[in-house]
Amino acid sequence: MASEIHVGDVGTQLIMTVKDDGVVVDISNASSLSVIIKKPDGVNYTKTGTLLNDGADGKMYYTSVSGDFNAAGNYKIQGIVTLSGGTFYTSISTFKVFCNL
């Protein structure tokens with residue numbers, strides 16, 4: 001994730017690491033990767049996630065597009081991974097989107 005995200009930013013990679021009890025989960029065989037983002041106004045949207053590397057490191061990401069960061073404030077993010085054993089949700093993280101001049 002960029003060190004500081006601003007309203008209107010496009011191309012920002014939101015990276016998350018999937019863990020279970022603090023241990024990285026190999027997601028290389030995931031049949032589905034999704035990212036839920038909750039805006040400051042409470043609206044959620046779901047985007048398709050992508051493996052950052054080969055998945056053995058548990059890392060997935062989403063790259064922002066126009067309209068994703070249209071308001072300043074605190075956003076929340078959560079990953080969803082579907083593996084052969086079921087569908088699993090990551091911990092929820094919070095990040096701030098800053099105003100522009």
- Query: For the charge dipole of the chain, defined by +1 on Lys and Arg C-beta atoms and -1 on Asp and Glu C-beta atoms about the Cα centroid, which residue among 40, 50, 87 has the Cα displaced farthest towards the positive pole?
  - Reply: 40
- Note on the structure: With +1 on the Cβ of every Lys and Arg and -1 on the Cβ of every Asp and Glu, the dipole magnitude of the chain about its Cα centre, in debye rounded to the nearest 20, is 280
- Judged on accessible area alone, 1.4 Å probe, highest first, 60, 16 line up as 16, 60
- Message: Given a 1.4 Å probe and heavy atoms of the protein chains only, how would you sort 96, 59, largest accessible area at the top?
- Response: 96, 59
- Query: How much of the accessible area of the chain, probe 1.4 Å, is carbon plus sulfur, in whole percent?
  - Reply: 48
- Most to least accessible of 62, 89 (protein chains only, probe 1.4 Å): 89, 62
- Percent RCO, i.e. relative contact order, over the chain, from Cα pairs under 8 Å lying at least 6 residues apart: 35
- Percent antiparallel among DSSP beta bridges confined to the chain, nearest 5, equals 95
- If the cut-off is 19 Å between C-alpha atoms, which aspartates and glutamates fall inside it for residue 59, apart from same-chain ones fewer than 8 positions away? 20, 21, 26
- Query: So what is the accessible area of the chain per residue, in Å², with the probe set to 1.4 Å?
  - Reply: 58
- Note on the structure: Semi-axes (Å, rounded, descending) of the ellipsoid equivalent to the range 51-95 per its C-alpha gyration tensor are 24, 13, 9
- Task: Give, to the nearest whole percent, the P(r) tail of the range 1-77 beyond 15 angstrom, counting all Cα pairs.
- Result: 58
- Query: Could you state the number of Å between the C-alpha centres of the range 53-74 and the range 5-23?
  - Reply: 5
- Query: ³J(HN,Hα) across the range 86-92 via Karplus (A = 6.51, B = -1.76, C = 1.60, θ = phi - 60°), whole Hz, x for Gly/Pro?
  - Reply: x, 10, 10, 10, 7, 5, 8
- Using the Karplus curve 6.51 cos²θ - 1.76 cosθ + 1.60 with θ = phi - 60°, work out ³J(HN,Hα) for each residue of the range 29-42 in order, rounded to whole Hz, and write x for Gly and Pro. 9, 5, 8, 7, 10, 9, 10, 9, 10, 10, 7, x, 7, x
- Table column - 3J(HN,Hα) (Hz), the range 3-10, Karplus curve with 6.51, -1.76, 1.60, x for Gly and Pro: 5, 8, 9, 10, 3, x, 4, 10
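The values are calculated or read from the model by the stated rules, or taken from the named source; none is laboratory data. This is a predicted model, so every value here is computed, not measured. Here Cβ is always computed from backbone atoms with ideal geometry, including for glycine, and neighbour counts include all displayed protein chains. Quick note on the areas: whole protein, heavy atoms, side chains included, nothing else; ligands and nucleic acids left out. Shrake-Rupley method; radii C 1.70, N 1.55, O 1.52, S 1.80 Å.
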